[in-house]
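Each value in this text was obtained by applying a stated rule to the coordinates, not by laboratory testing. Since the model is a prediction, treat every value here as computed from it, not as a measurement. Methodologically, a virtual Cβ is constructed for each residue, glycine included, from the backbone with ideal geometry; neighbour enumeration extends over all protein chains shown.
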Amino acid sequence: MSEVYEKVLPHIYDGKANRLYEVKDHPDLLIIERKDDVTAGNGAKHGTIQDKGFYNNKISNCLFQMLDNADINVATHFVQEISDRETLIQKVEPIKLEVVVRNIATGSICKRLPFADGEEFKNPVFEIYYKDDAWGDPLVNDVEAIELGVLHNVDEYEDIFVAACEINAVLKEFFQSIGIILVDFKIEFGRTAQGCLVVIDEISPDTCRLWDAETRKKLDKDRFRQDLGDEAGAYREVYRRVCEQK
Ligand code: UDP
């Protein structure tokens, strides 16, 4: 018989899109619950997208399982989907960085540097941001991240860089096979007690820019950020393509 994993109430963390719970009798595990809430501009804009928690749970779990089965040097925190909106994950120490990989220039990089919106990069662009709402998640470099105590050393930075590039290659090829351009994405990492890097949080239309390959229609959170409408339809479309054709 399959084991029942019981949430310990109340939650230990209530974030913008996810809630985290400890698991009864399993100190090494957590349950992540995906919400329909959506925010943009560091919480300045707030709303909901109907069934987003369902779509993101399914999409993220499909993509994390794909990464876990891929020939790359990093695992994810995924353990088991336990309901439509809840997933059992490994408990690890989160690294306070948002790691961004870009294949096409858009969003903040076009405000910071003279790239044309929609311009394809010759090589993927890699950035790290210090994950701290009070500081507005600023861009940092490897030396600053180490000085801040977020990263242990240059080797850890290098491991994150290599893992992010490998993840980009796997996801870009997969999305291409389902008629979607992976424009850019943000991922987060944690480390196990043994010091191994693990991908945490989620990979979903909340954290990626995804454009339909034929029409270039935006199929991600930019629909909410830019008031484009049909947010739920876009998330549903990504869910259908990712989870039905995995
Ligand atoms: N992103 C994210 N969370 C953040 C900031 C960015 O998931 O707090 C994702 C975003 O969806 C996009 C990528 O990271 O896929 C790059 O975002 P960018 O730096 O262009 O920021 P934005 O234009 O959204 O301010």
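Points to keep in mind about this one:
- The share of alpha-carbon pairs in the range 99-176 lying farther apart than 18 Å comes to 49%.
- Assigned charges on the beta-carbon of Lys, Arg, Asp, Glu; the range 168-229 dipole about Cα centre (debye): 100 debye
- Here the Gaussian network model covers the chain, with springs between Cα atoms less than 10 Å apart; of Val198, Val74, Val125, Val125 fluctuates the most.
- Lys, Arg +1 and Asp, Glu -1 on Cβ, resulting dipole of the range 36-180 about Cα centre, debye, nearest 20: 480 debye
- For the chain: rounded, prolate or oblate by the Cα gyration tensor [a/c cutoff 1.5]: rounded
- Compactness relative to 2.2 N^0.38 Å, alpha carbon Rg of the range 113-246: 1.16
- Of Lys218, Lys45, Lys58, the one that fluctuates the most in a GNM where the chain has Cα springs shorter than 10 Å: Lys45
- Hydrophobic long helices, here whole DSSP H runs in the chain with Kyte-Doolittle means of at least 0.0 and Cα atoms spread over 18 Å or more along the helix axis, are found at 154-177.
- Cα-centre dipole for the chain with unit charges at Cβ (Lys and Arg positive, Asp and Glu negative), debye to 20: 780 debye
- Note on the chain: with a GNM built from Cα contacts shorter than 10 Å, the maximum mean-square fluctuation among Ala134, Ala163, Ala232 falls on Ala134.
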